[in-house]
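Undergrad: I am attaching a structure below and will ask some questions about it afterwards.
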Amino acid sequence: TGTALARLAGGLAVMDHDSKEEPLARSRQQMQDHYDGLLAKGKIKAEIAQAALSRAQTTTRYGDLADCDLLIEAVFEDMTVKEAVFRELDAVAKPGAILATNTSRLDVNAIAGFTRRPQDVLGLHFFSPAQIMKLLEVVRADATGADVIASAQALARRIRKLPVVSGVCD
């Protein structure tokens with residue numbers, strides 16, 4: 001939800017995916033609560049909150065992600081789970097879509113190896129809470145394309161984050 005809120009604040013559309021409806025309902029409620037809190041404090045106008053929330057969608061189907069330009073995985077720090085997710089994303093994502101992992105400790109090179117497009121895979125490690133913390137670690141894997149790194153840096157600036165590019169390391 002935090003990464004979704006960060007992207008919504010940057011004016012981007014967000015498609016939140018989970019295999020079950022319950023976590024998606026919680027995410028939608030957390031987004032609503034976030035904007036309700038900003039409204040109550042007078043930090044934004046109702047039209048801005050409405051516009052942001054209207055750009056947020058949820059789905060339980062991987063196929064609904066087929067037209068997305070950027071897919072950010074944020075599942076448990078378990079390589080088996082990440083492998084399953086990246087294989088699904090690789091199967092549905094359009095050519096040229098960026099596949100990102102939010103991992104803070106797993107090998108992004110190994111994750112890129114779960115796809116047929118390692119040049120389009122990188123790490124985008126948002127620090128928690130993602131909608132507040134300014135740092136965004138952009139992890140360049142061995143095969144990550146320069147265009148993908150440039151796109152990640154542009155995204156970071158658009159959502160008011162400080163991108164710091166690193167390699168795969170401890």
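Undergrad: Ranked highest first by average number of other Cβ atoms within 10 Å, how do 12-22, 140-150 line up?
TA: Highest-to-lowest ranking by the protection proxy: 140-150, 12-22.
Undergrad: Students sometimes get this wrong: rank C169, C68 by accessible area, probe 1.4 Å, all chains present, largest first.
TA: Solvent-accessible surface, decreasing: C169, C68.
Undergrad: At 1.4 Å probe size, with every protein chain present, just tell me what the per residue accessible area of segment 85-170 comes to in Å². The partial results should precede the final answer.
TA: Working: 4220 Å² over 86 residues.
Value for segment 85-170: 49 Å² per residue.
Undergrad: Skipping prolines and chain starts, which residues have an amide H placed within reach, meaning under 5 Å, of the one on A141, given they are 5 or more residues away or on another chain?
TA: G123
Undergrad: Determine the share of segment 1-156's accessible area contributed by carbon and sulfur atoms, expressed in whole percent, with a 1.4 angstrom probe.
TA: 52 percent
Undergrad: Oh, and also: Hey, can you find the accessible area per residue of segment 1-53 for me, probe 1.4 Å, expressed in square angstrom?
TA: Per residue, segment 1-53 has an accessible area of 57 Å².
Undergrad: Per DSSP H run of n ≥ 4, the term is -39500 (n - 2.57); total these for the chain, divide by its residue number, and report the mean residue ellipticity at 222 nm rounded to 500 deg cm²/dmol.
TA: It lands at -12500 deg cm²/dmol.
Undergrad: Give me Rg over Rh for the chain, both radii from the alpha carbons and Rh done the Kirkwood way, two decimal places.
TA: 0.96
Undergrad: While we're here: Give me, ordered by chain and number, the residues 5 or more places off M15 or on other chains with an amide H under 5 Å from its own placed amide H.
TA: Under 5 Å from the amide H of M15 lie the amide H atoms of Q57, each far enough along the sequence or on another chain.
The values are calculated or read from the model by the stated rules, or taken from the named source; none is laboratory data. Keep in mind that what you see is a predicted model, and the values were worked out from it rather than measured. Virtual Cβ from ideal backbone geometry, glycine too; neighbours counted across all protein chains shown. With ligands, DNA and RNA removed, areas are computed over all heavy atoms of the protein, side chains included. Shrake-Rupley method; radii C 1.70, N 1.55, O 1.52, S 1.80 Å.
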